[in-house]
Amino acid sequence: MILGLITAVSLASAAEVTIAIVRDGPGPQDHLAALVEQELTNHTPHGTTVRFKSDPAFDAGWDYAAAREALQAAFDDRDVDLVLAIGSLVTFAAARSEGALDKPVISTFAQRADVFKLPYSDEGESLKPNLNFVVIPQRSGADIEAFRELVRFDTLHVAVTPEDLINQDELRAGLERYQSQLGIKIVVVPIEPDDPASVEKLRGASAVYLTRLQRFTVDQRRTLIEALNQRKVPTFSMLGHSDVELGALAGVTPEIEGQLVRRVALNLGRLLRGRPAVELPVLLSVDTRLRVNARTAAQIGYSPGRDTRIFAEFVHPEELQSDSSPLSFEQLFAMVQEGSRSLRVADSAVEGFAIDQDRARSGLLPQLSANLNYTHADTDVTDSEQGAFGSLALRQQIYDDGVWSSYRSSTQIEKSARLDRESERLDVLADAGQAFYALALAQAQNRIVAGDLRLTEDNLEMARLRREVGFSGREEVLRLESVLAERRTALFRAVETVEASRIALNQVLGVSLDSRWTPEPPNIDPDLFPVFDGRLAPIFDDFSLIDRVRSVIVEIAVANSPELTSFDRTIDAQRIQVNQIERSYVLPRFFAEASYSEQLNSPQGVLFPEDDNYSVSINAAYSIFEGGRRKADLGRAKSDEKTLSLRQTLLKEMIEQRTRTAIRRCESSFPRIKFGLQSARTAGESLELVREQYSEGTVNVTDLLDAQNQKLSAEQFSSSAIYEFMGDLVELQRAIAWFESDHTTEERDALADRILSIIAEEQP
């Protein structure tokens, strides 16, 4: 401890500091030193110059015995003040050296808490004087448990490189513990990147756990994974997501290189400011999440179960049978107009009214009828014992005000039906838009809840680690286990909401209810009101104009409304009926008739004319008295016309109410987007600080959960704000009977210009 304090004081007073780069050997981790050097520039005290030094003597050549010599070479170098250890060999050599280290050693090796044991205290600090390293809470045992939940196996092959075997005793003890807990057999298989027989060593494996394999390059890892995939062997990676991208079936650990480099640079900066190495934090919180490569799953014949589909995220999700298709708002409108059942019903109704119009027209056209009968009579009564008679009758209306009025009225009714169909179309578009954003919101909330679940799992791992080192009690673990169960329940509820929203959208679209979609997220600038591509933002922001803007939009809504125009046509039809009844008091009906008939007898079985006659007439008919029916009809017709007019007035008021309410909601919901984004960002940053403090032992689990809950609430609020505004915007566009996605760019510009010009004309 005294040596560490002396070293810290000397570093704090030094104007120039030299850091030796001591590494396990040449390989994929060579770039870490350069990244640390670059990041350290952000944390170096003012007035201090840092120089990194490499030397062949500082390279262990992947030999554990040589690692001790490489460290000693750095200690013996008079120019060296600090040591940056790259890799597990030099880190373990430093940890297992007798006595205190001659100079501070900062390691980039991130150890798993349950397999590679390095000495650290209850407070999460190194117990080895002058040594600092990184411990992540994620456990290899948790990896194996997650792997076994995905794939059932009795024997697990663990692929390691020879340098991992320096820790054989602890590795063996850990594996034996997991064999006992899980009831499986674990076989450790050492492999090397340049050994062609490495893959053959894994022949017959039913499941393979890929460890760090630190000597393997990215290409060599990909080759190994592809070879195992060809043999249909499922793989789970300790490195996690980076290997899943290369083709491994699954992994939970995210890419932590950036986080690791920042921690190492921060600790180096703290050393340069005089803080002893033993006081530097070693625990590094990591946000894990199960990631599955769906393409690999299809290749090896693995089908993810229900829970996996809910809790995991997928690479190449298009390979899943239930893959969802991307759906934009423009595609939505095209699909709903093609498949909506409601529109088909409306089309059928319009067709029915068109048929009614044709039927009304038929009364204006000639009416031709034919009649044939046969008579057999007593000869005592008639001269002819039997007779056959045939006749033709032609009738043509010359003028019948009732028939003409019915035809004219049916024409207006048919126009009204077409306008009702347009109203139904707009309703369907609005329903589709609301269902679209309801699904998008449900999916966004599902992602947020899933992320919160993974965060809870990570916090639980940290709590278990803190309990193991004696810094916290079992109550923290139990509390987080309880929270974890609640979060899993919440995720199932979120999935239920997604499914209900998906089914509702499919019903509106008129497609198979099994169809799956990924709605295109809206692209919203929180500083630019997005109505009409943002062109109206300036006048919406001008408080002196906003009342007039609202009134202009209401005027547009009234002018565009197919419902009001439909009422106009219906009222016109009713007025035609009123006028016809009034005229019936003075106008007769005029019509012409012509008829021809003949008697046909056939005593020899051959038809021939016996007697015939014809007539032609022009007629006029006038109702003199109908018992008061005509007066009652007129009164009822006028009453119906008045009712329609009153309903139209009421509808106009409701359209104005709907439009003004929609405008106000948009004005209110849009600013919430910015506040929601700010809240989510700051809550996320706050949580990261609290998690860092929790890993260092400076805050308790209550503080951690408060920060986590705040982040969850902020993210849910931010997501809701976006999609609530989009729903309000859909409602506004329906209120004015004008959807932007239903019109061309030129039409959108024309309407925006119209609004702007009206406002400009009224300005003083």
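Values in this text are rule-based calculations from the coordinates and carry no lab data. From a predicted model like this one, the values you see are computed outputs, not experimental measurements. With ideal geometry, Cβ positions are generated from the backbone for all residues, glycine too; neighbour counts draw on all protein chains shown.
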Amide H neighbours of A20 at under 5 Å, excluding residues fewer than 5 places away on the same chain, with H built from the backbone geometry, are K53, D81, L82, V83, L84
Sparse-neighbourhood loop sites, trypsin sites (Lys or Arg not before Pro) in segment 415-469 - DSSP loop, at most 15 other Cβ within 10 angstrom: none
When you count, for each residue, the other Cβ atoms within 10 Å and take the mean per peptide, how do 561-570, 82-91, 650-659 rank with the highest first? 82-91, 561-570, 650-659
Relative contact order, percent, segment 445-489 [alpha-carbon distance under 8 Å, six or more residues apart]: 47 percent
Against the empirical 2.2 N^0.38 Å scaling, what ratio does the C-alpha Rg of segment 144-252 come to? 0.99
Mind giving me the FRET efficiency for T155 and A227? R0 is 25 Å, r the Cβ-Cβ distance, nearest 0.05 is fine. 0.85
Sorted from fewest to most neighbouring beta carbons within 10 Å, what does the list L587, L210, L704 look like? L587, L704, L210
Checking the cross-link filter: which lysines have an alpha carbon closer than 28 Å to that of K128, excluding same-chain neighbours under 8 positions apart? K53, K103, K117
What do the square roots of 5 times the Cα gyration tensor eigenvalues come to for the chain, in whole Å, largest first, as semi-axes of the equivalent ellipsoid? 87, 34, 20
Extension gain, L587 back to K185 (0.36 nm per residue minus Cα-Cα distance, nm): 134.2 nm
So what is the relative contact order for segment 144-252, in percent, with contacts set as C-alpha pairs under 8 Å and at least six apart? 27 percent
With labels modelled as points extended 7 Å from the Cα through the Cβ direction, what inter-label distance (nm, one decimal) is found for R359 paired with K638? 3.0 nm
In whole Hz, what ³J(HN,Hα) sequence does segment 640-648 give by Karplus (6.51, -1.76, 1.60; θ = phi - 60°), x for Gly and Pro? 5, 5, 5, 4, 4, 5, 5, 5, 5
Taking a cut-off of 19 Å between Cα atoms, list the lysines near K185, but don't count ones fewer than 8 places away on the same chain. K201
Only residues of segment 574-597 count here: report those whose backbone N is under 17 Å from the spot 7 Å along Cα→Cβ of S615, or say none. 591-597
So the label point goes 7 Å from the Cα of D749 along Cα→C-beta, right? Which residues of segment 524-562 then have their backbone N under 12 Å from it? none
Do you know the relative contact order of the chain, to the nearest whole percent, from alpha carbon pairs under 8 angstrom that are 6+ apart? 12 percent
Rounded to the nearest 0.05, what FRET efficiency is calculated for F52 and T682 with R0 set to 60 Å and r the Cβ-Cβ distance? 0.95
Collect residues whose amide H, placed 1.01 Å from N in the peptide plane, falls under 5 Å from the amide H of A207; neighbours closer than 5 in sequence don't count. H157
Collect residues whose amide H, placed 1.01 Å from N in the peptide plane, falls under 5 Å from the amide H of V134; neighbours closer than 5 in sequence don't count. F109, Q111
In sequence order, what are the phi-derived ³J(HN,Hα) couplings for segment 356-369 according to the Karplus relation 6.51 cos²θ - 1.76 cosθ + 1.60 with θ = phi - 60°, rounded to whole Hz, with x for glycine and proline? 4, 5, 4, 5, 5, 5, 4, x, 8, 9, x, 10, 10, 9
So, with points 7 Å from each Cα along the Cβ direction, the T698-F492 label distance in nm works out to 4.0 nm
Phi-based couplings in Hz for segment 86-92 (Karplus 6.51, -1.76, 1.60; Gly and Pro marked x): 10, x, 7, 5, 5, 5, 5
State, to one decimal in nm, how far the label point of K201 lies from the label point of E626, with both points 7 Å from Cα in the Cβ direction. 10.5 nm
From the P(r) of segment 607-764, can you give the percent of Cα pairs sitting at distances over 18 Å? 80 percent
The FRET efficiency for E98 and D219, from their Cβ-Cβ distance with R0 = 41 Å and rounded to 0.05, is 0.55
Please give the Cα centre distance for segment 721-738 versus segment 411-471, rounded to the nearest Å. 16 Å
